[in-house]
1. If I ask for residues that are open to solvent by less than 80 Å² (accessible area, probe 1.4 Å) and either free of Cβ contacts under 8 Å to residues at least 60 places away in the same chain or of a type in the set (Val, Ile, Thr) (or both), which ones from the stretch 90-104 would you list?
2. Could you tell me whether residue 149 is in contact (Cβ under 8 Å) with a residue 12 or more places away in the chain and of a type outside the set (A, V, I, L, M, F, W, C)?
3. For the stretch 134-145, does any single residue satisfy the condition of being crowded, with 22+ Cβ neighbours inside 10 Å and either assigned to a helix (DSSP H, G or I) or not basic (Lys, Arg) (or both)?
4. Residue pairs, Cβ under 6 Å, 6 or more apart or interchain, first in the stretch 12-38 and outside any helix (DSSP H, G or I), second of a type outside the set (Asp, Glu). List them.
5. Of all residues in the stretch 72-115, count the ones that are farther than 21 Å from residue 157 by Cβ and of a type in the set (D, E, K, R).
6. Working only within the stretch 148-162, note down all residues that are closer than 14 Å to residue 56 by Cβ, open to solvent by 30 Å² or more (accessible area, probe 1.4 Å) and polar (S, T, N, Q).
7. Across the stretch 163-184, what is the number of residues that are modelled with pLDDT of 90 or more, open to solvent by less than 20 Å² (accessible area, probe 1.4 Å) and over 19 Å from the mean Cα position of the chain (by Cα)?
Amino acid sequence: MFHKLFDLKKYQLPLPSAIWEAMRDNYSLLLSYTGYTLTEAVAGMLIGSAGGFLIALAATAWPRWGGGSLTLVAALNAVPIVALAPIMNLWFGDGIGSRAAIVTATTMAAMAINAYKGMSAVDPLALDLMHSYAAGKSAVFRYLRIQNSLPYVFTALKINATASMIGAIVGEFFFSSRGLGYLLSNSIKVAKMPLGWSCIVLAAIAGVLFYLVVERLEKVFIRWHPSRRS
């Protein structure tokens, strides 16, 4: 259907049977490379999300000084991955660290901005209640601002779950010797399109599973939120 509709040849868009055959014949290699790319994505997302959350804490605690960090993170996020990848590879070499650094840079902004919004958008009545109990600044942060930010934090994590896979795969196009992005790039160069599409299919499956894991964690950690009540 797609071949006739878009005038594509089978070597341009392989049949599902050819993709499945390529996945079956290269099962061990694809599984190993999927795990490698997923490790890069998870490591980078955890570091980037933690960094973004700390920036949001600083911006909320010290608005005069912390606000500028949000601007810097947003500016970093505006840099295209294809421009960032060669720099990170130059700094961190050909190992897993360079792709994790790329993912860190691409996921930090979403967490920083969302977490800051959650910490800032507290109910004034709840804030007055905390002050009436003579709660200190640390107690307000722990029991009110951070708790209020959790739905926003998980929204950022779900965004980062897919963005991290994109960052890791694009990063592997440059100076990598393993991973789905590396295998996809090489497969296209030598016209092994079924193998290349196998990489795309597995990257999509890994991204969806990663997203579902984050969504499951969200249901566990914020059961108290009104959106989770039946």
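The values are calculated or read from the model by the stated rules, or taken from the named source; none is laboratory data. This one's a predicted model, so the numbers in the text were calculated from it and none came from an experiment. Reconstructed Cβ throughout: ideal geometry from the backbone, glycine too, with neighbour counts over all protein chains shown. Heads up: the accessible areas ignore ligands, DNA and RNA and are worked out on the full protein's heavy atoms, side chains in. Shrake-Rupley method; radii C 1.70, N 1.55, O 1.52, S 1.80 Å.
1. Filtering the stretch 90-104 down to residues open to solvent by less than 80 Å² (accessible area, probe 1.4 Å) leaves 93-104.
The answer is 93, 95, 96, 97, 101, 102, 103, 104.
2. Working: in contact (Cβ under 8 Å) with a residue 12 or more places away in the chain: yes; of a type outside the set (A, V, I, L, M, F, W, C): yes.
The answer is yes for residue 149.
3. Narrowing the stretch 134-145 to residues crowded, with 22+ Cβ neighbours inside 10 Å: 145.
Going one step further and asking which of them are either assigned to a helix (DSSP H, G or I) or not basic (Lys, Arg) (or both), we end up with 145.
Checked the stretch 134-145: at least one residue is crowded, with 22+ Cβ neighbours inside 10 Å and either assigned to a helix (DSSP H, G or I) or not basic (Lys, Arg) (or both).
4. 14/193; 14/194; 14/197
5. Residues that pass the stated criteria total 1.
6. 148, 155
7. 1
The rows are residues; the columns are (1) touching a helix residue (DSSP H, G or I) at 6+ places or on another chain (Cβ under 8 Å); (2) over 24 Å from residue 207 (Cβ atoms).
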site	(1), (2)
90	no, yes
96	yes, no
100	yes, no
114	yes, no
120	yes, yes
128	no, yes
